[in-house]
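Q: Take this structure first; my questions come after.
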Amino acid sequence: PPRGPIDLVIADNVDFTNGYATPFPSNRIIVYTHPPVSSSSLRFYDEWSALIITHELTHIFHLDRARGWWRLAQRIFGRSPAVMPNLYTPAWITEGLAVYYETRLTGSGRLVGTEHGMIARAAIAEHGGPGLDELSLATSEYPGGQGAYAYGSLLLDHLSRTRGPEHIAEFVERTSAAPIPFFLNRAARRSFGITFDAAWREYR
(Lines give C-alpha, C1' and ligand atoms only; values in the text may rest on other atoms or scores of the structure.)
Protein backbone atom coordinates (compact mmCIF):
# COMPACT_ATOMS: atom_id res chain seq x y z
CA PRO A 1 0.00 0.00 0.00
CA PRO A 2 1.06 3.63 -0.42
CA ARG A 3 2.75 5.35 2.49
CA GLY A 4 0.66 7.55 4.73
CA PRO A 5 -2.85 8.90 4.20
CA ILE A 6 -4.20 9.71 0.76
CA ASP A 7 -5.98 13.05 0.58
CA LEU A 8 -9.09 13.17 -1.60
CA VAL A 9 -10.04 16.61 -2.88
CA ILE A 10 -13.44 17.09 -4.54
CA ALA A 11 -13.52 20.20 -6.75
CA ASP A 12 -16.36 21.80 -8.71
CA ASN A 13 -14.60 24.82 -10.16
CA VAL A 14 -14.52 23.54 -13.75
CA ASP A 15 -17.09 22.25 -16.23
CA PHE A 16 -15.20 19.30 -17.64
CA THR A 17 -14.65 15.71 -16.60
CA ASN A 18 -11.25 14.95 -15.14
CA GLY A 19 -9.21 14.05 -12.12
CA TYR A 20 -5.54 13.67 -11.34
CA ALA A 21 -3.24 12.23 -8.74
CA THR A 22 0.12 13.28 -7.36
CA PRO A 23 2.50 11.50 -4.97
CA PHE A 24 4.23 14.71 -3.87
CA PRO A 25 4.49 16.55 -1.61
CA SER A 26 1.99 14.00 -0.28
CA ASN A 27 -0.32 11.44 -1.80
CA ARG A 28 -3.31 13.34 -3.15
CA ILE A 29 -6.21 12.74 -5.53
CA ILE A 30 -8.21 15.59 -7.05
CA VAL A 31 -11.56 14.73 -8.65
CA TYR A 32 -13.77 17.18 -10.52
CA THR A 33 -17.46 16.61 -9.95
CA HIS A 34 -18.59 17.18 -13.55
CA PRO A 35 -19.99 13.85 -14.82
CA PRO A 36 -18.62 12.35 -18.08
CA VAL A 37 -21.56 13.32 -20.28
CA SER A 38 -19.36 14.84 -22.98
CA SER A 39 -16.64 12.15 -23.09
CA SER A 40 -17.69 9.11 -25.08
CA SER A 41 -14.84 6.90 -23.86
CA LEU A 42 -15.91 7.37 -20.21
CA ARG A 43 -19.59 6.54 -20.55
CA PHE A 44 -19.37 2.85 -19.63
CA TYR A 45 -19.47 2.85 -15.85
CA ASP A 46 -21.66 1.56 -13.03
CA GLU A 47 -20.70 4.23 -10.49
CA TRP A 48 -18.75 7.24 -11.76
CA SER A 49 -17.11 8.04 -8.42
CA ALA A 50 -15.88 4.44 -8.07
CA LEU A 51 -14.41 4.47 -11.57
CA ILE A 52 -12.49 7.73 -11.33
CA ILE A 53 -11.27 7.17 -7.76
CA THR A 54 -10.06 3.66 -8.67
CA HIS A 55 -8.23 5.12 -11.67
CA GLU A 56 -6.53 7.80 -9.60
CA LEU A 57 -5.79 5.42 -6.72
CA THR A 58 -3.94 3.22 -9.19
CA HIS A 59 -1.69 6.19 -9.95
CA ILE A 60 -0.96 6.62 -6.24
CA PHE A 61 -0.20 2.93 -5.72
CA HIS A 62 2.05 3.00 -8.79
CA LEU A 63 3.84 6.33 -8.37
CA ASP A 64 4.35 6.13 -4.60
CA ARG A 65 6.11 2.76 -4.88
CA ALA A 66 9.87 3.00 -4.38
CA ARG A 67 12.34 0.32 -3.36
CA GLY A 68 16.09 -0.16 -3.24
CA TRP A 69 18.26 2.91 -3.50
CA TRP A 70 15.22 5.03 -4.42
CA ARG A 71 13.83 4.52 -0.92
CA LEU A 72 17.17 5.48 0.59
CA ALA A 73 17.30 8.61 -1.59
CA GLN A 74 13.82 9.57 -0.39
CA ARG A 75 14.94 9.29 3.21
CA ILE A 76 17.67 11.80 2.41
CA PHE A 77 15.89 14.16 -0.01
CA GLY A 78 12.27 13.65 0.98
CA ARG A 79 9.38 13.02 -1.39
CA SER A 80 11.02 14.74 -4.33
CA PRO A 81 9.73 13.77 -7.79
CA ALA A 82 13.35 13.29 -8.87
CA VAL A 83 13.66 10.20 -6.64
CA MET A 84 10.33 8.56 -7.50
CA PRO A 85 11.25 5.88 -10.05
CA ASN A 86 7.83 5.27 -11.56
CA LEU A 87 7.44 8.94 -12.47
CA TYR A 88 9.99 8.19 -15.21
CA THR A 89 7.72 5.70 -16.95
CA PRO A 90 6.02 6.94 -20.14
CA ALA A 91 2.39 8.03 -20.10
CA TRP A 92 1.17 4.95 -21.97
CA ILE A 93 2.32 2.79 -19.04
CA THR A 94 1.11 5.15 -16.29
CA GLU A 95 -2.31 5.72 -17.87
CA GLY A 96 -2.51 2.22 -19.29
CA LEU A 97 -2.13 0.76 -15.80
CA ALA A 98 -4.82 3.06 -14.41
CA VAL A 99 -7.30 2.18 -17.18
CA TYR A 100 -6.46 -1.53 -16.81
CA TYR A 101 -7.16 -1.50 -13.06
CA GLU A 102 -10.19 0.81 -13.30
CA THR A 103 -11.74 -1.91 -15.47
CA ARG A 104 -10.44 -4.93 -13.59
CA LEU A 105 -11.51 -3.66 -10.16
CA THR A 106 -14.87 -2.07 -11.00
CA GLY A 107 -16.11 -4.37 -13.76
CA SER A 108 -16.78 -1.38 -16.01
CA GLY A 109 -14.49 1.26 -17.46
CA ARG A 110 -12.80 1.88 -20.76
CA LEU A 111 -11.54 -1.64 -21.45
CA VAL A 112 -15.09 -2.95 -21.24
CA GLY A 113 -16.35 -0.10 -23.40
CA THR A 114 -15.90 -0.07 -27.16
CA GLU A 115 -14.00 3.13 -27.92
CA HIS A 116 -10.44 2.01 -27.16
CA GLY A 117 -10.81 -1.15 -29.21
CA MET A 118 -12.34 0.87 -32.05
CA ILE A 119 -9.41 3.32 -32.03
CA ALA A 120 -6.88 0.49 -32.19
CA ARG A 121 -8.68 -1.53 -34.87
CA ALA A 122 -9.10 1.51 -37.13
CA ALA A 123 -5.45 2.58 -36.79
CA ILE A 124 -4.06 -0.92 -37.25
CA ALA A 125 -6.26 -1.53 -40.30
CA GLU A 126 -5.22 1.76 -41.88
CA HIS A 127 -1.47 1.88 -41.28
CA GLY A 128 -0.51 -0.83 -38.80
CA GLY A 129 -1.02 1.39 -35.77
CA PRO A 130 1.49 3.62 -33.99
CA GLY A 131 4.72 2.47 -32.45
CA LEU A 132 5.06 2.61 -28.68
CA ASP A 133 7.55 5.45 -29.06
CA GLU A 134 4.84 7.51 -30.79
CA LEU A 135 2.40 7.41 -27.86
CA SER A 136 2.32 10.72 -26.02
CA LEU A 137 -0.17 12.83 -24.13
CA ALA A 138 0.97 15.79 -26.23
CA THR A 139 0.71 14.31 -29.73
CA SER A 140 -1.37 16.02 -32.39
CA GLU A 141 -2.08 12.71 -34.16
CA TYR A 142 -5.56 11.25 -33.73
CA PRO A 143 -6.76 10.40 -31.09
CA GLY A 144 -4.41 12.86 -29.42
CA GLY A 145 -3.48 12.19 -25.81
CA GLN A 146 -6.18 9.51 -25.60
CA GLY A 147 -3.84 7.23 -27.54
CA ALA A 148 -1.65 6.77 -24.46
CA TYR A 149 -4.70 5.63 -22.49
CA ALA A 150 -6.10 3.43 -25.25
CA TYR A 151 -3.01 1.65 -26.55
CA GLY A 152 -1.34 1.40 -23.14
CA SER A 153 -4.37 -0.21 -21.51
CA LEU A 154 -4.96 -2.56 -24.46
CA LEU A 155 -1.34 -3.74 -24.39
CA LEU A 156 -1.34 -4.32 -20.63
CA ASP A 157 -4.68 -6.12 -20.89
CA HIS A 158 -3.19 -8.31 -23.64
CA LEU A 159 -0.21 -9.16 -21.42
CA SER A 160 -2.55 -9.90 -18.51
CA ARG A 161 -4.63 -12.26 -20.63
CA THR A 162 -1.72 -14.05 -22.27
CA ARG A 163 0.89 -14.09 -19.46
CA GLY A 164 -1.26 -13.83 -16.32
CA PRO A 165 -2.57 -10.83 -14.34
CA GLU A 166 -0.10 -11.39 -11.51
CA HIS A 167 2.73 -10.24 -13.80
CA ILE A 168 1.30 -6.72 -14.03
CA ALA A 169 2.06 -6.14 -10.34
CA GLU A 170 5.40 -7.91 -10.77
CA PHE A 171 6.34 -5.40 -13.47
CA VAL A 172 5.48 -2.48 -11.17
CA GLU A 173 7.64 -4.01 -8.44
CA ARG A 174 10.58 -4.31 -10.82
CA THR A 175 10.37 -0.73 -12.05
CA SER A 176 10.07 0.46 -8.45
CA ALA A 177 13.52 -0.92 -7.68
CA ALA A 178 15.33 -0.60 -11.02
CA PRO A 179 18.48 1.54 -10.53
CA ILE A 180 18.04 3.02 -14.02
CA PRO A 181 14.32 3.54 -14.69
CA PHE A 182 14.49 3.73 -18.51
CA PHE A 183 15.15 0.07 -19.37
CA LEU A 184 11.48 -0.87 -19.59
CA ASN A 185 11.95 -3.72 -22.05
CA ARG A 186 14.31 -5.41 -19.60
CA ALA A 187 11.73 -5.12 -16.80
CA ALA A 188 9.01 -6.35 -19.16
CA ARG A 189 11.04 -9.37 -20.28
CA ARG A 190 11.74 -10.39 -16.70
CA SER A 191 8.11 -9.87 -15.68
CA PHE A 192 6.18 -11.13 -18.72
CA GLY A 193 8.78 -13.19 -20.57
CA ILE A 194 8.54 -10.80 -23.53
CA THR A 195 9.59 -7.21 -24.24
CA PHE A 196 7.02 -4.47 -24.72
CA ASP A 197 8.10 -4.04 -28.34
CA ALA A 198 7.59 -7.74 -29.08
CA ALA A 199 4.29 -7.80 -27.18
CA TRP A 200 3.05 -4.81 -29.17
CA ARG A 201 3.90 -6.55 -32.44
CA GLU A 202 2.14 -9.66 -31.15
CA TYR A 203 -0.95 -7.64 -30.16
CA ARG A 204 -1.13 -5.87 -33.51
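Q: For I53, work out the one condition from (1) crowded, with 18+ Cβ neighbours inside 10 Å; (2) touching a Ser or Thr at 6+ places or on another chain (Cβ under 9 Å); (3) in contact (Cβ under 8 Å) with a residue 24 or more places away in the chain it doesn't fulfil.
A: Single failed check for I53: (2).
Q: Suppose we keep only residues that are touching an Asp or Glu at 6+ places or on another chain (Cβ under 6 Å) and modelled with pLDDT under 90 within segment 22-39. Which one would you say is least open to solvent (accessible area, probe 1.4 Å)?
A: For segment 22-39, the residue satisfying everything is H34.
Q: Could you run through segment 59-77 and say how many residues are open to solvent by 20 Å² or more (accessible area, probe 1.4 Å) and under 16 Å from P2 (Cβ atoms)? Break it down stepwise before answering.
A: Within segment 59-77, the subset open to solvent by 20 Å² or more (accessible area, probe 1.4 Å) is 61, 65, 67-69, 71-72, 75-77.
Among the residues that remain, those that are also under 16 Å from P2 (Cβ atoms) are: 61, 65, 67, 71.
Final tally of qualifying residues: 4.
Q: Now a separate question. Say whether the condition of being among the β-branched types (V, I, T), farther than 20 Å from L155 by Cβ and at pLDDT below 95 is met by at least one residue in segment 54-74.
A: no
Q: Among (1) farther than 18 Å from S41 by Cβ; (2) surrounded by fewer than 16 Cβ atoms within 10 Å (Cβ to Cβ); (3) not small (G, A, S), there is one condition Y142 misses while meeting the rest; what is its number?
A: Only one criterion in (1) farther than 18 Å from S41 by Cβ; (2) surrounded by fewer than 16 Cβ atoms within 10 Å (Cβ to Cβ); (3) not small (G, A, S) is unmet by Y142, namely (1).
Q: Now, a different point. What are the pairs, 6+ residues apart or on separate chains, where a residue within segment 174-191 that is at negative phi has its Cβ under 8 Å from a residue that is of a type in the set (D, E) and open to solvent by less than 100 Å² (accessible area, probe 1.4 Å)?
A: So the pair list comes out as N185/D197; S191/E170.
The values are calculated or read from the model by the stated rules, or taken from the named source; none is laboratory data. These figures come from a predicted structure and were not determined experimentally. Counting neighbours? That spans all protein chains shown, and the Cβs are built from the backbone with ideal geometry, glycine included. The area values use the complete protein model at the heavy-atom level, side chains included, leaving out ligands, DNA and RNA. Shrake-Rupley method; radii C 1.70, N 1.55, O 1.52, S 1.80 Å.
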